[in-house]
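J.: Can you read through this structure? Questions will come right after.
The values are calculated or read from the model by the stated rules, or taken from the named source; none is laboratory data. On a predicted model such as this, the values are computed, not experimentally measured, just so you know. Backbone-built Cβ (ideal geometry, glycine too); neighbour counts: all protein chains shown. For the accessible areas, the whole protein counts, side chains as well, though only heavy atoms, and no ligand, DNA or RNA atoms are used. Shrake-Rupley method; radii C 1.70, N 1.55, O 1.52, S 1.80 Å.
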Amino acid sequence: MLVTGASRGLGRALARVFAANGDRVAVHYGTRRAEAERTLAALDGDGHALLGAELADPGAAAGLADAAREALGGLDVLVNNAAVNTPHPPASTGFTAWAEAWRRHVDVNLLATAHVSHGAARWMIEQGTGGRIVNIGSRGAFRGEPDHPAYGATKAAVHALGQSLAVALAPYGIAVASVAPGFIGTERVAHRLTGPEGAAILAQSPYGRVADPDEIAAAVRWLASPEAEWSSGAVLDLNGASYLRT
């Protein structure tokens, strides 16, 4: 199985939970090779692989599934976790920076997800044994992201992409689902939780805390399991009741 953006944070937790289940994991990284190597070294079992690719490059994104299949000897699960999320509030961001933020978010969050999914799906179809694709979306797709509008928009598109792929790939035994997490306590955002806005972030959930990466990873592992086939097309909210929708 392949996890994109697995060098740290949620990606690392995803790689760990699949490896603990006995899966061989392809750990993808963009620029953080040293951190990805630490992820790889911490995985249970053997037969895992380390794969670098700049996902903003369509060719590199398209070739990642090929590299994972070659390294693992097959590919039956893909978790699209890699994403960028940089602030670009519209009222205070100049147009050049605004346009660059949108381009980067679309290239990595949406197009790379589409390209890697395309490559993985074609291998799964050729293998003839079905497969699973799970996309990491966001509650921001539903509630809005005022300081990160491109992030919210691309995550909404990722949810829609997953639903389209679920319908298209079901005849081949490939189930596709997405998760929509709320705030996750990872290394990347640790400074926000300990800073001035920390209390407000914790208060977003009535539990008074944020998600642990392992909680999200466990749900993704279930969505990738044989038992979860009938969840294909679903977008699963994982936000500790911080955002509710019907």
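J.: Determine which single condition Ala26 fails, assuming it passes every other condition in (1) open to solvent by less than 40 Å² (accessible area, probe 1.4 Å); (2) farther than 23 Å from Ala166 by Cβ; (3) aliphatic (A, V, I, L, M).
T.: The one condition Ala26 does not meet is (2).
J.: Can you name the helices (runs of 4 or more DSSP H) wholly within region 184-246 that have at least 3 residues being at pLDDT 95 or above, under 23 Å from Ala82 (Cα atoms) and open to solvent by less than 70 Å² (accessible area, probe 1.4 Å)? Don't jump to the end; show me each part of the working.
T.: Values: elements: 190-194, 198-202, 213-223.
Answer list for region 184-246: 213-223.
J.: What's the number of the only condition in (1) in contact with a helix residue (DSSP H, G or I) (Cβ under 9 Å, 6 or more places away or on another chain); (2) within 24 Å of Phe183 (Cα to Cα) that Leu64 fails to meet?
T.: Evaluating Leu64 over (1) in contact with a helix residue (DSSP H, G or I) (Cβ under 9 Å, 6 or more places away or on another chain); (2) within 24 Å of Phe183 (Cα to Cα) leaves (2) as the failure.
J.: Could you tell me which residue of region 146-164 is farthest from Pro181 (Cα to Cα), considering only residues that are of a type outside the set (A, V, I, L, M, F, W, C) and open to solvent by 40 Å² or more (accessible area, probe 1.4 Å)? Don't jump to the end; show me each part of the working.
T.: Kept after step one, since they are of a type outside the set (A, V, I, L, M, F, W, C), are these residues of region 146-164: 146-149, 151-152, 154-155, 159, 162-164.
Narrowing the set further to residues that are open to solvent by 40 Å² or more (accessible area, probe 1.4 Å) leaves 146-147, 163-164.
Values: Pro146: 17, Asp147: 18, Gln163: 17, Ser164: 20 Å.
The selected residue is Ser164.
J.: Is it the case that Arg33 is under 13 Å from the mean Cα position of the chain (by Cα) and either open to solvent by less than 10 Å² (accessible area, probe 1.4 Å) or not hydroxyl-bearing (Ser, Thr, Tyr) (or both)? Steps first, answer last, please.
T.: Details: under 13 Å from the mean Cα position of the chain (by Cα): no; either open to solvent by less than 10 Å² (accessible area, probe 1.4 Å) or not hydroxyl-bearing (Ser, Thr, Tyr) (or both): yes.
No: the conditions fail for Arg33.
J.: When region 107-140 is examined, which residues are found to be more than 14 Å from the chain's Cα centre (by Cα), of a type in the set (A, V, I, L, M) and surrounded by fewer than 23 Cβ atoms within 10 Å (Cβ to Cβ)?
T.: Across region 107-140, the qualifying residues are Ala121, Ile125.
J.: Mind checking which pairs have a first residue in region 5-19 that is open to solvent by 20 Å² or more (accessible area, probe 1.4 Å) and a second that is charged (D, E, K, R), Cβ under 6 Å, 6 or more apart or different chains?
T.: If the second residue must be charged (D, E, K, R), the pairs left are Arg8/Glu35; Arg8/Glu187; Val17/Arg221.
J.: Residues being under 19 Å from the mean Cα position of the chain (by Cα) and of a type outside the set (Asp, Glu): count how many of those fall in region 229-246.
T.: 9
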